[in-house]
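Right, one structure below, let's go through it.
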Amino acid sequence: MKILLIEDDAETAAYIVDGLRGQGHAIDHVADGHQAVSAASGHPYDVLIVDRMLPGLDGLSVVKRVRDAGVKTPVLFLSALGGLDDRVTGLESGGDDYLVKPFAFPELNARVNALGRRPAEDTVLRVGDLELNLLTRTVTRAGRAIDLQQREFRLLEYLMRHVGRVVTRTMLLEHVWDFHFDPQTTVVETHMSRLRAKIDKDFGAELIQTLRGQGYSIRVPS
């Protein structure tokens with residue numbers, strides 16, 4: 001694979017470059033955020049390895065910019081920031097995986113190989129005249145922009161990834177809210193109601209369906 005390493009620590013960079021070249025990969029290395037954007041946007045790579053703390057432009061901003069430029073290359077974040085919020089922020093900024101420093105090279109290599117095998121993902125999900133853009137984080141229906149909150153966006157994305165299938169309340173709690181227990185609240189119902197008001201109100205066809213006793217589904221009405 002051809003890999004771009006974006007890392008400003010010389011010792012860490014040398015360790016990664018030597019290790020990955022030893023695995024037969026071709027490695028380019030830059031240490032500055034602005035150089036990283038130019039390299040990632042101007043050359044085809046199979047994987048980007050991005051340190052979060054960079055001079056010039058931080059790693060999160062680098063990934064956001066290359067995603068805005070239409071670059072779909074899988075991104076592995078490296079960071080000493082290992083808290084849950086840090087990892088979530090990295091993934092939501094456009095990263096595909098997150099590895100906390102210090103790390104063992106075999107794990108880095110395994111994650112890089114896994115990302116390199118991942119098929120390219122469509123950046124736009126569509127159901128009828130509804131479109132959700134994963135890169136720009138925007139939603140439109142019949143060409144009209146729809147403003148969604150972050151949780152509403154995740155909820156709609158999950159539904160659209162399972163178009164035509166029934167998703168249960170438990171599935172939504174686990175995959176949208178990251179709850180692996182029932183919080184005994186109406187959080188799903190409340191957010192679904194808000195989402196339906198934005199997605200289906202004032203449009204000719206209702207895409208989001210409630211299936212009594214089963215869950216929810218998004219589909220084009222027959």
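The values are calculated or read from the model by the stated rules, or taken from the named source; none is laboratory data. This structure is a prediction, so every number in the text was calculated from the model and none was measured. Note that each Cβ is placed from the backbone with ideal geometry, even for glycine, and that neighbours are counted across all protein chains shown. In case anyone asks, the SASA skips ligands and DNA or RNA and just uses the protein heavy atoms, side chains included. Shrake-Rupley method; radii C 1.70, N 1.55, O 1.52, S 1.80 Å.
Key figures
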quantity	calculated
Nearest-20 debye value, the chain charge dipole, Cβ charges on Lys, Arg, Asp, Glu	960
Gained length - K64 relative to A205, 0.36 nm times residue gap less alpha-carbon distance	47.3 nm
Dmax and Rg, reported as Rg then Dmax, of region 72-133 (C-alpha, Å)	14.3, 47
Inter-label distance, nm, simple model (7 Å from Cα along the C-beta direction), V166/F181	2.8
Tally of Lys pairs whose C-alpha atoms are under 23 Å apart, taken over the chain, 8 or more apart or cross-chain	5
Evaluated at q = 0.08, 0.13 Å⁻¹: base-10 log I(q)/I(0), Debye formula over Cα of the chain	-0.36, -0.83
Spacing of the two label points (7 Å from each Cα toward its C-beta) at A110 and T136, in nm	3.9
Region 152-212, accessible surface, carbon-and-sulfur percent (1.4 angstrom probe)	50
Contact order normalised by residue count of the chain, Cα under 8 Å, 6+ apart, percent	13
Options G33, S217, Y15, ranked by Cα towards positive dipole end of the chain, top entry (Cβ charges)	S217
